[in-house]
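Chemist: The structure follows.
The values are calculated or read from the model by the stated rules, or taken from the named source; none is laboratory data. From a predicted model like this one, the values you see are computed outputs, not experimental measurements. Heads up, the Cβs are rebuilt from the backbone with ideal geometry, glycines too, and the neighbour counts pull from every protein chain shown. Each accessible area value is taken on the protein alone, full model and side chains, heavy atoms only, with ligands, DNA and RNA left out. Shrake-Rupley method; radii C 1.70, N 1.55, O 1.52, S 1.80 Å.
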Amino acid sequence: MSEHKFRWGIISTGNIAKQMARALAPLKNAELAAVGSRSQESADAFAQEFSVSKAYDSYAGVFDDPGVEVVYIGTPHHLHKANALEALEAGKHVLLEKPFTVNAPDAAEVIRVAREKKLFLMEAFWYRFQPAWGQVREWLQAGAIGEPRFVQANLGFRGNQDPESRLLNPKLAGGALLDVGIYPVNMASFAFGGDQPSKISSTWHKAVTGVDESNAMAFDYGDGRMASLGSSICMGMSAHCVMNGTEGEIFVSPPNLKASTVTLRANGQAQEHTLPIEGNGYGYEAIHVMEQLAEGKLESDLMPLDETLDVMKTLDVVRASWGLRYPFE
């Protein structure tokens, strides 16, 4: 990477924004230049905790700051489209937390604007940039398991059961699918090289608020390729992923705070790698953004915008089959 120090702005002062602030702090090519919140008090507290140069009582303050080059958007799901468009219109590069937007038409609009303005834009799927998944990528590209045929992945936890919480509130685009189910779906896309299913079957359990509190999905990609995926915000589910191929299997163990273990079983032998995670794990995606920008790239080669859009289309099909629409859609 070049010696250029990228000046970051962060939108929101919630937990995910704090995680990104902690990740940026030790990176030599990053400077946390500004934070924006809906209240000056919250922005000031965040700035003091993370040594941020400027604190604004609005998101627009960060977007309009001429010293900010890259904006990380960690606001609730339903705000992602509007926040991203405002940042792009202000000429900022954007790292946009997952889910990228609430639906595919919104995603397409954000992507179109970024491309028109020749600004970098990427969905913040932090797992893709960690060492363990780099190893999985190498195995897949080398054909270590032959042709990938079956993916099994689940992710779930028991979250805040308050109907007004971001997890359950339909006005905030709540529900398991967009909050955690997007990970298993994205992992299946990863395994199949960005391909999306041609046939989708799914079922769900409706929370009292009308959003999905748990779900199960079966995808058919054609040519014998399938996936079995699930997610929940009302119960714990082991955060593992298994990729079966014609010549072997890759198993990704649930990560802990310090390392992830990946195992390759092929040709009657097993390779196991426990790869450390530096910091809280969020720094890898920030480093990737800065590397891409230093190389003059406007789209990530590890999390392409076309794949982001295609995954969002898949999620739209799943939700449509349930009849789940958010009030603002």
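Chemist: According to the Cα gyration tensor, what semi-axes, each the square root of 5 times an eigenvalue, does the equivalent ellipsoid of the range 126-193 have, listed from largest to smallest in whole Å? Mind showing how you got there, number by number?
Modeler: Details: eigenvalues 202, 27, 16 Å².
So the equivalent ellipsoid measures 32, 12, 9 Å along its semi-axes.
Chemist: Once the Cα atoms of helix 182-191 and of the chain are each reduced to a long axis, what angle between those two axes, in degrees from 0 to 90 to the nearest 10, is obtained?
Modeler: Computed tilt is about 60 degrees.
Chemist: Too long at a 24 Å Cα-Cα cut-off: which of 54/171; 171/258; 171/206? Please report the intermediate quantities before stating the final value.
Modeler: Numbers: 54/171 31 Å; 171/258 35 Å; 171/206 15 Å.
Distance filter (> 24 Å) returns 54/171; 171/258.
Chemist: Heavy-atom accessible area per residue, the range 122-248, 1.4 Å probe: how many Å²?
Modeler: Values: 4850 Å² over 127 residues.
On a per-residue basis, the range 122-248 sits at 38 Å².
Chemist: Continuing with this model, one more query. Which value, in Å² and to the nearest 10, is the accessible area of residue 147 when all protein chains are kept and the probe is 1.4 Å?
Modeler: Surface open to solvent at residue 147 totals about 80 Å².
Chemist: In percent, what relative contact order does the range 137-243 have, based on Cα pairs under 8 Å that are 6 or more apart in sequence? Before the final figure, lay out each step's value.
Modeler: On the way: 224 pairs, mean separation 42.6, N = 107.
Dividing the mean separation by the residue count of the range 137-243 yields 40 percent.
Chemist: Continuing with the same structure: How much of the DSSP beta bridge set in the chain is antiparallel, as a percent to the nearest 5?
Modeler: The antiparallel proportion sits near 60 percent.
Chemist: Compute the projected area of the convex hull of the Cα atoms of the range 192-260, averaged over all viewing directions, and report it in nm² to one decimal place. Show your work: numbers first, answer last.
Modeler: Details: hull surface 25.9 nm².
Averaged projected hull area, Cα only: 6.5 nm².
Chemist: Related question: Counting pairs of Cα atoms in the range 222-329, how many percent are more than 25 Å apart?
Modeler: Numbers: 2776 of 5778 pairs.
Cα-Cα pairs in the range 222-329 separated by more than 25 Å: 48 percent.
Chemist: Which listed residue (124, 218, 56) has the Cα farthest towards the positive end of the charge dipole for the chain, taking +1 on Lys and Arg C-beta and -1 on Asp and Glu C-beta about the Cα centre?
Modeler: So the residue furthest toward the plus end is 218.
Chemist: Let me ask another. More than 11 Å apart: what percent of Cα pairs in the range 279-319 qualify? Before the final figure, lay out each step's value.
Modeler: Working: 562 of 820 pairs.
Beyond 11 Å sits 69 percent of the P(r) for the range 279-319.
Chemist: Taking the alpha-carbon centroid of each part, what is the distance from the range 48-88 to the range 187-254 in angstrom?
Modeler: If you average the Cα positions of each part, the centres end up 33 Å apart.
Chemist: Could you give the spread of the C-alpha atoms of the chain along their three principal axes, from largest to smallest, in whole angstroms?
Modeler: 56, 47, 36
Chemist: Quick one: dipole size for the chain, taken about the Cα centre, charges +1 on Lys/Arg Cβ and -1 on Asp/Glu Cβ, in debye to the nearest 20. Before the final figure, lay out the partial values.
Modeler: Values: 29 positive and 40 negative charges, 72 e Å.
So the dipole magnitude of the chain works out to roughly 340 debye.
Chemist: Under 8 Å for C-alpha pairs, at least 6 residues apart: give me the relative contact order for the range 242-329, rounded to a whole percent. All intermediate terms of the calculation are to be shown ahead of the outcome.
Modeler: On the way: 70 pairs, mean separation 12.1, N = 88.
So the answer I get is 14 percent.
Chemist: Take residue 267 and residue 57, extend 7 Å from each Cα along the Cα→Cβ direction, and tell me the distance between the two endpoints in nm.
Modeler: In this crude label model, residue 267 to residue 57 measures out at 6.6 nm.
Chemist: Another question about this same structure. Let me have the relative contact order for the chain, percent, based on Cα pairs under 8 Å that are six or more residues apart. Walk me through the intermediate numbers first.
Modeler: Values: 709 pairs, mean separation 58.3, N = 329.
So the answer I get is 18 percent.
Chemist: Give me the percent of accessible area attributable to carbon and sulfur for the range 169-313, probe 1.4 angstrom.
Modeler: Numbers: 3110 of 6100 Å².
Of all accessible area on the range 169-313, carbon and sulfur atoms account for 51 percent.
Chemist: Would you compute, for the Cα atoms of the range 79-229, the largest minus smallest coordinate along each principal axis and list the three values in descending order, in whole Å?
Modeler: Rounded to whole Å, the extents work out to 45, 43, 29 Å.
Chemist: Now, a different point. Hey, can you grab everything whose amide H is under 5 Å from the amide H of residue 156? Only 5+ residues off in sequence or another chain; H modelled, so Pro and N-termini drop out.
Modeler: Sorted by chain and number, the residues that satisfy this are 232, 237.
Chemist: Over all directions, the average projected area of the alpha-carbon convex hull for the range 89-158 comes to how many nm²? Please list the in-between numbers first.
Modeler: Working: hull surface 30.1 nm².
Averaging across all directions leaves 7.5 nm² for the Cα convex hull.
Chemist: If you place +1 on the Cβ of every Lys and Arg, -1 on the Cβ of every Asp and Glu, and leave all else neutral, what size is the dipole of the range 120-230 about its Cα centre, to the nearest 20 Debye? Please list the in-between numbers first.
Modeler: Details: 9 positive and 11 negative charges, 10 e Å.
I would put it at about 40 debye.
Chemist: Starting with the highest mean, order 19-26, 110-117 by the number of other Cβ atoms within 10 Å, averaged over the residues of each peptide. Please report the intermediate quantities before stating the final value.
Modeler: Working: 19-26: 19.1, 110-117: 17.1.
Ranking, from highest mean packing down: 19-26, 110-117.
Chemist: Here is a follow-up. Accessible area of residue 203, 1.4 Å probe, to the nearest 10 Å²?
Modeler: Around 80 Å² of this residue is reachable by solvent.
Chemist: Among 84-93, 155-164, what's the highest-first ranking by average C-beta atoms within 10 angstrom per residue?
Modeler: Details: 84-93: 21.2, 155-164: 15.5.
Ranked from most to least packed, the peptides come out as 84-93, 155-164.
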